[in-house]
Amino acid sequence: MERTNKEFKINKFNGGKKMKQTPYKIGKNYLIRTVTMIYTGKLKQVFDKELILTECAWIPETERWMNTCRDGTFKEVEPYPEKAEVIIGKDAILDAFQVSWKLPKEQKWQAKHY
């Protein structure tokens, strides 16, 4: 199948290379659910197979999913180092959405009581 130029755009955050258009918005905060983990972060770059996040945290455990999505509430948070750029493989992403709440920056842990 031949692709037309309309399917591609120049992405200044990708070294000026042509790439398919993307629904992701550079500089916006996202909650990303992958096949095994959940992440929060500010989107810095989009590549064909990867996203680059800054201000990123791994979320081992959420509250009820609706509350997490609406309010950014989490049971556990493991932030990456302050200036880390975290690479997320796009093939592993189940869903992602832009959030309006403040990204979590502090480690949070709840002891399990069994």
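Throughout, read-outs are computed from the coordinates displayed, never taken from laboratory work. Everything numeric here is computed off the predicted structure, so don't read it as measured data. Here Cβ is always computed from backbone atoms with ideal geometry, including for glycine, and neighbour counts include all displayed protein chains.
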Revision key, fill the gap. Between residue 50 and residues 5 or more places away or on another chain, the pairs with built amide H atoms under 5 Å apart involve 90
Check your understanding: Looking only at the range 29-48, which residues have a backbone nitrogen under 12 Å from a spot 7 Å from the Cα of residue 70 in the C-beta direction?
Key -> none
**Study point:** Area projected by the alpha carbon convex hull of the range 21-98, averaged over all directions, nm²
**Key:** 4.9 nm²
